[in-house]
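What follows is one structure encoded as structure tokens, with my remarks underneath.
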Amino acid sequence: MNRIILVFILSLFTVFARAQDQDPKAKGILDELSKVTKAYKTVTTEIIFTMLNKDKKAAEKPQLWKVQVKGQKFRLEIPGSSIICDSKTVWNYNKDAREVTIKNFDSESDEQNPAKIFTMYENGYKFKYDSEEKVGVALCHVIDLYPAIKPEKKKFHTVKLYVDKAKKQVVKLKMMMKDGTTQEYLVKSFKPNLDIADTNFVFDTKGLKPDQISDERD
């Protein structure tokens with residue numbers, strides 16, 4: 001599940017590919033989105049995640065995710081887990097078990113680095129403009145994204161990206177899975193450029209026993 005979450009965070013604020021044969025209308029919108037989001041010093045957002053079954057009905061209760069990003073530092077708060085990174089170390093804390101796994105941060109790994117939310121889209125996807133659609137009160141561009149690199153290994157076949165025309169921000173994303181289900185991500189709040197202390201991106205292990213800490217760093 002954590003892998004899915006990180007892939008989504010990497011996708012949320014980005015556009016997805018740079019190529020000569022891409023849809024020019026979609027490319028213009030995504031390039032503009034990229035320019036705006038790259039200028040943010042920090043991002044604080046709340047996301048409502050819903051898993052839909054093949055009948056497009058909620059398969060389980062929606063979840064609220066909280067995300068903070070500052071450069072290559074990030075903090076993800078999801079039900080049952082906290083994933084925290086200070087740009088050198090990643091702590092994955094299981095709240096129920098009170099156990100933490102510690103790893104080295106890999107700045108080249110898209111799945112581990114939400115700092116790449118602003119550049120991930122520049123390779124690996126094809127895209128096509130779909131339509132205009134309202135999400136709440138926001139009129140949005142809807143852009144379809146298709147994996148172009150080893151698509152047979154992806155669990156999804158299409159991503160629908162909803163971009164607020166006025167604010168130039170992602171407000172919703174849908175991942176259309178190959179098994180017929182849909183993963184829907186709705187941005188509940190989006191606050192750029194808030195002051196976030198660096199201490200918010202460090203996990204304190206002092207309250208844990210040695211057997212509750214798994215240190216996998218080199």
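Taken over the stretch 55-89, the criterion of being over 19 Å from Y185 (Cα atoms) and buried (at least 18 other Cβ atoms within 10 Å of the Cβ) is satisfied by K70, K73, I84, C85, D86. Here the condition is being modelled with pLDDT of 95 or more and surrounded by 16 or more Cβ atoms within 10 Å (Cβ to Cβ); of F203, F190, it holds for F203 alone.
Those strands (runs of 3 or more DSSP E) of the stretch 122-169 in which at least 2 residues are among the hydroxyl-bearing types (S, T, Y), considering only elements entirely within it, cover 125-135, 156-164. The residues of the stretch 196-218 that are of a type in the set (A, V, I, L, M, F, W, C), more than 12 Å from C85 (Cα to Cα) and either in contact (Cβ under 8 Å) with a residue 60 or more places away in the chain or touching a helix residue (DSSP H, G or I) at 6+ places or on another chain (Cβ under 6 Å) (or both), listed by number, are I196, L208, I213.
Does L208 fit the bill of being at pLDDT 95 or above and surrounded by 11 or more Cβ atoms within 10 Å (Cβ to Cβ)?
Yes; evaluated as a whole, the condition is true for this residue.
Of all residues in the stretch 34-56, count the ones that are assigned to a loop (DSSP other than H, G, I, E, B) and at pLDDT 85 or above. Counting residues in the stretch 34-56 that are assigned to a loop (DSSP other than H, G, I, E, B) and at pLDDT 85 or above gives 6.
The C-beta contact set for the stretch 151-170 (first residue without any contact (Cβ under 8 Å) to a residue 40 or more places away in the chain and surrounded by 12 or more Cβ atoms within 10 Å (Cβ to Cβ), second residue of a type in the set (K, R) and in a strand (DSSP E or B), distance under 7 angstrom, 6+ apart or interchain) comprises K160/K174; Y162/K172.
Within the stretch 65-88, the set of residues being outside any loop (DSSP other than H, G, I, E, B) and either farther than 25 Å from N193 by Cβ or among the aromatic types (F, W, Y) (or both) comprises W65, F74, S81.
The values are calculated or read from the model by the stated rules, or taken from the named source; none is laboratory data. Given the structure is predicted, the values throughout are model-derived calculations rather than measurements. All Cβ positions, glycine included, derive from the backbone under ideal geometry; neighbour counts span all protein chains shown.
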